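For reference, the structure is listed below as structure tokens.
The values are calculated or read from the model by the stated rules, or taken from the named source; none is laboratory data. Note that the coordinates shown come from a computational prediction; the quantities given were computed from them, not determined experimentally. Backbone-built Cβ (ideal geometry, glycine too); neighbour counts: all protein chains shown. Ligands, DNA and RNA are excluded from the accessible area calculation, which covers all protein heavy atoms including side chains. Shrake-Rupley method; radii C 1.70, N 1.55, O 1.52, S 1.80 Å.
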Amino acid sequence: MGVNGGNYRGSECDDKNYEMVPPEGGWGYLVCVGLSVIFIAGTAHQPVFGFIYNDFLDELGAGTGAVTVVYGVFQVTVALAGFSANIALKKLSLRQVGLIGATIYTLASFLAIFVTSTTQLIVTNGFLQGLGMGLLIPISYTSFNSYFTRKKVLYLSLCKASIGLITMVYPLFIKFTITEYGFRGTLAILCAISAHSIFGALVMHPVKWHMIKQIKSCEKIVLIPPTPATATEENKFNFPKIKDNKTDEAKSVENLLIANTDKQKDRSELLLVPKLVDSRRLSIPVVLIPDDPRTDSKFNSNDNVYLENLYKAASVSSLGNFGGIAAEPMPIIKNKEGKWQTVADFLDLTLLKDLVYDNIIIGMSLTFFSDLTFFTLEPLFLDKNHLDRGQIANIIATGGATDMSARLLLGVSGQFFKMNSRYMFYVGALLTAIFRIVFVQFTSYIPLLVLTGILGAIRSLLHIAQPIVMAEHVPIERYPPAYGLYMLLAGGISLTIGPMIGFIRDYTGNYVLAFSMLTMCNVLCVVPWTIEAILKYMRHKKITKCVQG
């Protein structure tokens with residue numbers, strides 16, 4: 001299949017033609033287990049970190065302020081290591097980087113057994129464990145997303161549910177180990193649990209080892225030749241001029257002619273481009289219509305999806321990956337690179353030129369920061385409203401239980417319904433903002449119990465969708481740097497906005513104000529995403545109107 005001068009060829013169905021596709025299971029099930037093990041080993045004990053080290057810190061006279069420092073160093077290191085994972089992947093495979101991260105994390109847990117000062121605690125539990133988890137997180141999500149395409153929501157829901165279930169029982173487990181084995185004995189047990197992250201990294205096989213054969217779907221191909229043909233006036237379509245970010249005079253294809261010869265009637269009709277304005281010449285195969293026996297396979301040149309994709313293909317800057325349309329991009333001729341360009345290419349900072357990607361990571365970073373901070377501050381808010389410890393424990397447990405139940409429900413639903421991860425995250429961010437506004441209006445036990453349960457269930461939408469949103473937007477080979485940039489931004493937000501909200505809360509003593517600021521973080525996700533959706537809809541409507549007019 002290709003272009004030779006002005007000749008046209010169409011693909012034909014051949015049941016002997018196969019393609020290699022992800023297994024949607026198989027070894028992917030072990031990858032799911034590995035992902036769960038890594039997160040259980042690396043994050044399940046974090047909510048009870050203060051409980052584990054409380055007596056030790058009291059003996060040192062450090063107080064609970066040291067817990068905040070250790071956790072802050074951990075978060076910063078995770079963000080930087082996650083961003084740096086892409087550098088390691090330039091030379092090493094996913095599994096090799098994962099094994100390095102797991103080994104560092106296990107070594108840090110071993111060294112933590114012998115800590116005698118807060119400085120050592122910051123190095124082991126802050127820096128080294130953060131470095132290990134920072135490498136493991138993007139590797140785990142990349143491996144998972146490479147093994148699954150249609151069933152991501154289902155299996156990630158099950159993974160997250162298992163992680164959440166273990167996290168819920170961890171306080172009881174830690175209480176038992178401290179009682180039976182003491183402080184150092186508990187740390188030794190945690191080190192043994194951390195070592196399981198090495199197993200989790202070992203099962204992260206390259207997906208190419210486990211790809212399965214699948215008969216290629218037959219597709220009709222439209223070729224846009226490099227040599228313009230001749231048009232007749234009555235067969236013209238007039239597309240509006242479009243602006244390109246880099247070229248002010250970039251225009252769409254004009255004077256479209258559909259040639260329908262007798263020889264072509266029984267096959268596919270072919271598209272001719274008689275004229276390209278400003279001497280622009282495209283020579284790309286564009287896959288337009290799957291040959292599905294369940295549908296009418298006759299080519300329809302007035303189909304809105306077809307025309308919109310053609311409209312996109314007409315802009316040189318849009319060539320490459322757009323939606324379900326496969327296009328062979330034009331050759332990229334680079335100017336002489338400067339030092340900054342070399343660094344940008346090495347770290348894959350060109351991702352930031354994609355405004356949709358920028359919108360995604362900013363919105364997700366703000367919303368996730370808001371979610372984690374809210375549930376961290378909630379017990380303090382409840383205590384200030386003079387609820388007893390039993391009531392506070394019930395409220396927190398209810399939120400965890402509804403979160404767990406919703407994750408399992410999403411997993412089951414994902415088996416029967418196709419869910420768009422970005423829609424899920426958007427709905428979660430919007431509903432969370434609404435119910436938080438309602439939450440701060442109450443101070444009594446029952447309303448706060450019910451609202452925390454609702455917020456816990458909504459939270460599951462954010463946690464399930466978050467790793468998948470980026471995988472549905474960028475190619476899988478660019479997922480590690482894409483997720484690394486997200487982690488870096490999330491760490492930056494935690495270091496800047498987090499202390500600011502904490503200072504305002506401490507200065508005013510007003511938790512309602514702090515929660516309102518957290519709600520505003522959700523709004524800063526919902527509003528830009530809504531604007532993006534509106535612009536996309538208006539563009540589609542404009543294209544449709546131009547075609548029909």
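Summary table below
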item	result
Local electrostatic count, T398, Cβ distance below 13 Å [Lys/Arg +1, Asp/Glu -1]	-1
Accessible-area composition of segment 348-542, carbon plus sulfur, in percent [1.4 Å probe]	71
Listed pairs K353/K536; K91/K208; K418/K542; K90/K213; K152/K541 exceeding 21 Å between Cα atoms	K418/K542; K90/K213; K152/K541
P(r) histogram, all alpha-carbon pairs of segment 103-144 included - 5 Å bins from 0, percent	6, 27, 26, 17, 11, 7, 4, 1
Solvent exposure of segment 348-542 as accessible area per residue, Å², 1.4 Å probe	47
Student exercise, segment 348-542 dipole from Lys, Arg, Asp, Glu Cβ charges, in Debye to nearest 20	560
Listed residues L165, L35, L89: farthest to the positive end of the dipole of segment 17-213 (Cβ charges)	L89
I212 long-range amide H proximity, modeled H, under 5 Å	V21
Surface accessible to a 1.4 Å probe, T77 within the full protein complex, Å²	10
Amide H partners (placed H, <5 Å) of H45, local residues excluded	none
Local electrostatic count at A429 - Lys and Arg +1, Asp and Glu -1, tallied over other residues with Cβ under 13 Å	+2
Amide N of segment 136-171 lying under 20 Å from the label point, which is placed 7 angstrom from the Cα of Q415 along Cα→Cβ	148-165
Accessible surface of segment 17-213, 1.4 Å probe, proportion on carbon and sulfur as whole %	69
Segment 53-109 and segment 459-488: distance between their alpha carbon centers, rounded to Å	21
Summed side-chain charge close to E24 - residues other than E24 whose Cβ falls under 11 Å, Lys, Arg +1, Asp, Glu -1	+3
Cα Rg, Dmax, segment 414-501, angstrom units	16.2, 50
